[in-house]
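J.: Could you have a look at this structure, given as structure tokens, before my questions?
The values are calculated or read from the model by the stated rules, or taken from the named source; none is laboratory data. These numbers come from a predicted model, not from an experiment. Note: accessible area is taken over every heavy atom of the protein model, side chains too, but ligands, DNA and RNA are not part of it. Shrake-Rupley method; radii C 1.70, N 1.55, O 1.52, S 1.80 Å.
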Amino acid sequence: WMTLTVLLMLTAVAWKLAHHLFGPLKQIGLGVERFGRGDFSQPIALHRHDELGELAEQVNTMAADLSGMLDAKRALLLAISHELRSPLTRARLNAELVPDGPERDALLRDLAEMRDLVTSLLESERLAQPHVALQREPTDLAARIANLQAGPFLGKPLKVDLPPDLPSA
């Protein structure tokens, strides 16, 4: 019985030691998952002075660098989008001076598409920021679908089945 007791005690001590040595891997894993979701607000809290502590510190440094790069990318996209609005507005005003015809219509359509792309880019970046309220506006879904049918889907077999009394949403 003595041998069995000693073996059980050694097993318990080995388990405790392994748990102490590798337990922080769970905290590191949870922190990496948080960072993967884009939540860089809380670094991995691991106060050890061994290899796992160094690993946690390196992961925290990487997360801070990634957060900074993502913030810089967002700021650049917002700045570019904002700066594109003025030339697009000037181009639209100049296009209005072009005599009526298919070239003018094509130019105005392309400028409107570019404006919509810039607006979409700005909105998507604004939505990526925390605490941003959506700007809701009523939309006539039937009119939107009719525009799609007359535009990109013109001449393509497309069956749309909408109720006639579809409300604006």
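J.: If you take the Cα atoms of the range 1-49, find Rg, then find the Kirkwood Rh from the mean of 1/r over all pairs, what is Rg/Rh?
T.: Ratio of gyration radius to Kirkwood radius: 1.30.
J.: With a 1.4 Å probe and all protein chains left in place, how much of the accessible area of the chain comes from carbon and sulfur atoms, in whole percent?
T.: It is 63 percent, rounded to a whole number.
J.: Relative to the present Cα-Cα distance, how much length would full extension add between R74 and L158 at 0.36 nm per residue of separation?
T.: 26.5 nm
J.: Any idea how far the Cα center of the range 97-130 sits from the one of the range 1-59, in Å?
T.: So the two Cα centres are separated by 53 Å.
J.: Also, I was wondering about something else. Name the residue, out of R37, R126, R74, whose mean-square fluctuation peaks in a Gaussian network model built on the chain with Cα pairs under 10 Å.
T.: The residue with the greatest mean-square fluctuation here is R37.
J.: Full-extension gain between R109 and E96, please, as 0.36 nm times their residue separation minus the C-alpha to C-alpha distance.
T.: Computed gain between R109 and E96 is 3.5 nm.
J.: If S41, S81 are ordered by their accessible area, calculated over protein heavy atoms with a 1.4 Å probe, which sequence runs from highest to lowest?
T.: Largest to smallest exposure gives the sequence S41, S81.
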